Amino acid sequence: MAFKGDLEALVLGVLQDADLHGYEISRRIKQISSKALQVGEGQLYPALHKLEKDGYVSATWVPQEGKPPRKVYALTEEGKRELTAHRKSWEAFSVGVEALLNPRKTSTEGGLG
């Protein structure tokens, strides 16, 4: 089933607004989803490495005053296209789920049923 744990789409979605380091990506996913979604380091960093390998994000080491450099991730043009594809798939998926979970609502709106 699509979207069960589609962390890559969530990361791409968060990076569409700003370049971020890993901890901030995790924090924003939690914050934006009203704490419904939480991502641990054991899930996030493998996903970030895969996205980087696939060319969807780029990573740059950014120096910090008095602290070690931080790896900051940015969405690439290819990543923007991938995010658009994820968004279209999600819209189709959510319409199907809505039709199954709320069939009366969909039939009164001219949808299925």
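Key figures for this structure:
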quantity	calculated
Filter result for residue 76 (among the polar types (S, T, N, Q) and surrounded by 14 or more Cβ atoms within 10 Å (Cβ to Cβ))	yes
Failed item in (1) loosely packed, with under 12 Cβ neighbours inside 10 Å; (2) part of a helix (DSSP H, G or I); (3) among the small types (Gly, Ala, Ser), with residue 89 passing the rest	(1)
Single unsatisfied condition, residue 55 versus (1) at positive phi; (2) in contact with a strand residue (DSSP E or B) (Cβ under 7 Å, 6 or more places away or on another chain)	(2)
Residue count, the stretch 69-85 (criterion: within 13 Å of the chain's Cα centre (by Cα), in a helix (DSSP H, G or I) and either among the acidic types (Asp, Glu) or under 18 Å from residue 44 (Cα atoms) (or both))	3
Candidate set from the stretch 31-62 (those that are among the small types (Gly, Ala, Ser) and loosely packed, with under 15 Cβ neighbours inside 10 Å); member that is nearest to residue 12 (Cα to Cα)	55
Residues satisfying the stated conditions in the stretch 39-67, i.e. polar (S, T, N, Q) and free of Cβ contacts under 8 Å to residues at least 12 places away in the same chain	64
Enumeration of residues in the stretch 7-18 that are buried (at least 16 other Cβ atoms within 10 Å of the Cβ) and either among the charged types (D, E, K, R) or within 17 Å of residue 62 (Cβ to Cβ) (or both)	8, 15
Residue list for the stretch 97-107, restricted to those being surrounded by 13 or more Cβ atoms within 10 Å (Cβ to Cβ) and either small (Gly, Ala, Ser) or assigned to a strand (DSSP E or B) (or both)	99
Residue ranges of helices (runs of 4 or more DSSP H) in the stretch 1-63 with at least 2 members charged (D, E, K, R) and within 12 Å of the chain's Cα centre (by Cα)	22-32
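Here, each number is a calculation from the coordinates, and none is a lab measurement. For clarity, every value in this text was computed on a predicted model and none was experimentally measured. Cβ sites come from the backbone with ideal geometry, for glycine too, and all protein chains shown count toward neighbours.
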